[in-house]
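Structure, as structure tokens:
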Amino acid sequence: KQEVTQIPAALSVPEGENLVLNCSFTDSAIYNLQWFRQDPGKGLTSLLLIQSSQREQTSGRLNASLDKSSGRSTLYIAASQPGDSATYLCAVRPRSGGSNYKLTFGKGTLLTVNP
Amino acid sequence: NAGVTQTPKFQVLKTGQSMTLQCAQDMNHNSMYWYRQDPGMGLRLIYYSASEGTTDKGEVPNGYNVSRLNKREFSLRLESAAPSQTSVYFCASSEALRGSYNEQFFGPGTRLTVL
């Protein structure tokens, strides 16, 4: 059974710092991995989608990497801003079995960027 | 382009009452999903619809029913609400059910409390 873990559960950094959020998964047979952002009381906003054949994806100050063989992904945020404060979730889509429609989510990392 | 919209935003029910959560998307997506999000449990899939006219159970379908009214709309019904159904409910959509380019887009959520 696929399990997704995000460590740390919470992270607090000063404004301007570069930071890395971690996501690990137990089964490397995946189609893709998706990073989301969730603001308090809001829905999930898709940030980046990495296909299993890709090593990284970039969008603005965000860079996500994928090492499928080791079951790891990182989300790098450059020059963090208070507006980046949110919970960041990663989710994987399994390739194997009949349930490859289903995303398996981590529990998220709560990021606080202090002015 | 509104993306995925959900109504209502908030709802309080008494045990045993029924209600329907509405979801609509304007991205011409084929597949739609209902998730619930609970503290410490992450997001769990309740039901999904691969395409118009089809629905299938996810991880936690008990106590719920769904209707894929047309390509745009996917509703979730609680026939007899229970306190265990207190949660935040998210609707999501994607272009296709399967395949590696299957990015999911989420609505803002419905916060449901069952007393």
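The values are calculated or read from the model by the stated rules, or taken from the named source; none is laboratory data. Worth saying up front: this structure is predicted, and the values here are computed from it rather than measured. Please note: Cβ atoms are built from the backbone with ideal geometry, for glycine as well, and neighbour counts cover all protein chains shown.
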Q: Answer with yes or no whether A:I7 is modelled with pLDDT under 90 and closer than 22 Å to B:R44 by Cβ.
A: no
Q | Failed item in (1) surrounded by fewer than 16 Cβ atoms within 10 Å (Cβ to Cβ); (2) modelled with pLDDT under 95; (3) over 17 Å from B:E103 (Cβ atoms), with B:N28 passing the rest | A | (3)
**Q.** Selection within the stretch A:5-55 - out of contact with any helix residue (DSSP H, G or I) (no Cβ under 9 Å at 6 or more places or on another chain) and charged (D, E, K, R)
**A.** A:E17, A:D27, A:D39, A:K42, A:R55
Q) Can you pull out the strands (runs of 3 or more DSSP E) entirely within the stretch A:1-91 that have at least 3 residues that are surrounded by fewer than 15 Cβ atoms within 10 Å (Cβ to Cβ) and either within 14 Å of the chain's Cα centre (by Cα) or within 13 Å of chain B (Cβ to nearest Cβ) (or both)? A) A:56-59
